Amino acid sequence: MMQSFAPTGTLRVGINLGNPVLAGSIDQSEPQPKGVTIDIAKEIGRRSDLPVELISFKSAGAIVEALKANQLDLIFVAIDPVRGADISYTPAYIQIEGAYMVKATSPIKSHDEVDVAGNEIVVGKASAYDLYLTREIQKATLLRSTNSQSVVDDFMSGKGNVAAGVKQQLEADAKRYNNLRMLPGRFMVIHQAIGVPKSRAEFEKITLYLSGIVEELKTSGFIANSMKKHGIEGAKVAE
């Protein structure tokens with residue numbers, strides 16, 4: 001099983017920098033990403049007696065493609081039935097919220113007013129929110145940004161009249177601009193889990209092994225403590 005889990009002898013872990021709940025961005029002052037997923041990845045490596053290589057991506061879509069191309073052994077990604085065709089998931093470790101943001105002058109006041117003909121929703125391409133809204137939105141139009149970090153910038157440059165994404169990402173980006181407001185509540189709850197490729201011969205055993213670790217990290221307080229350490233608010237340990 002371990003040979004199938006990490007065939008190169010190193011656990012190659014995909015880190016999504018497009019979601020601030022999961023990992024912090026890399027810059028010159030912080031050359032290595034930090035966050036809940038990094039803490040979990042290192043703990044899995046420790047328990048498995050494997051060196052860990054963190055490979056950063058700007059979007060969940062890019063991470064999924066890298067996993068399918070056998071360039072990664074483990075990823076942290078939202079549970080989604082479309083991705084489930086290629087990815088085997090553990091139980092969720094964190095629940096986060098998807099939210100809408102509009103300009104202060106927008107007549108839109110609630111979620112019920114978003115899915116209306118003529119509205120254009122800006123969302124990160126291939127993100128969990130894109131996949132969900134693609135299934136759910138009936139009348140409005142989806143406009144896809146390159147990644148989640150580009151959504152608010154594209155929105156403020158004149159693209160669309162509603163922005164969608166991780167609540168924390170939208171709130172952080174909104175601080176760079178004026179006259180923006182969040183719609184109250186959430187349009188979806190995202191269950192974040194560990195994913196491994198179904199192309200691996202022992203993927204079911206690997207998933208069971210990782211599922212046991214996830215449950216231990218939840219019940220022991222490891223994930224809650226990691227979230228507190230990294231200042232994560234608006235999310236909670238998955239039930």
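The values are calculated or read from the model by the stated rules, or taken from the named source; none is laboratory data. Note that this is a predicted model, so its numbers are computed, not measured. Neighbour counts are summed over all protein chains in view; Cβ atoms, including those assigned to glycine, are modelled from backbone coordinates with ideal geometry. When the accessible area is computed, the model is the full protein with side chains, heavy atoms only, and any ligands, DNA or RNA have been set aside. Shrake-Rupley method; radii C 1.70, N 1.55, O 1.52, S 1.80 Å.
Compute the Kirkwood hydrodynamic radius of region 112-227, taking the inverse of the mean of 1/r over all pairs of distinct Cα atoms, and give it in Å to one decimal. Kirkwood radius, region 112-227: 16.6 Å. By accessible area, using a 1.4 Å probe on protein heavy atoms only, region 114-171 has 45% of its surface on carbon and sulfur. In nm, what is the difference between 0.36 nm times the number of residues separating Met188 and Ala104 and their Cα-Cα distance? So the chain would gain 28.0 nm between Met188 and Ala104. Computed from backbone phi with θ = phi - 60° and the Karplus coefficients 6.51, -1.76 and 1.60, the 3J(HN,Hα) list for region 94-102 is 9, 10, 10, 10, x, 9, 10, 10, 9 Hz; x is used for glycine and proline. Gain on full extension, evaluated as 0.36 nm per residue between Arg181 and Leu208 minus their Cα-Cα distance, stands at 5.5 nm. Legend: helices of the chain (whole DSSP H runs) are marked when their alpha-carbon atoms reach 20 angstrom or more along the helix axis and their mean Kyte-Doolittle hydropathy is at least -0.5; marked are 203-219. Per residue, the accessible area of the chain comes to 46 Å², computed with a 1.4 Å probe over protein heavy atoms only.
Sorted by packing (mean other beta-carbon atoms within 10 Å per residue), highest first, where do 36-43, 184-191 land? Kindly include the intermediate steps, with their values, before the conclusion.
Working: 36-43: 21.8, 184-191: 15.9.
In descending order of packing, they fall as 36-43, 184-191.
First compute the accessible area of region 26-97 with a 1.4 Å probe, then give the percent of it belonging to carbon and sulfur atoms. Here it works out to 49 percent.
Go ahead and estimate [θ] at 222 nm for the chain from helices alone: -39,500 (n - 2.57) per DSSP H run with n ≥ 4, summed, over the residue count, rounded to 500. Kindly include the intermediate steps, with their values, before the conclusion.
Details: 8 runs with 74 residues, N = 239.
For the chain, the value works out to -9000 deg cm²/dmol.
Within straight-line reach of Lys42, meaning a Cα separation under 23 Å, sit the following lysines at least 8 residues removed in sequence or on another chain: Lys34, Lys58, Lys68, Lys198, Lys205, Lys218, Lys228, Lys229, Lys236. Just so you know, the Rg over Rh for the chain is 0.98, from Cα atoms, with Rh as the Kirkwood radius.
A straight chain from Ser157 to Lys229 at 0.36 nm per residue would run longer than the Cα-Cα distance by 22.4 nm.
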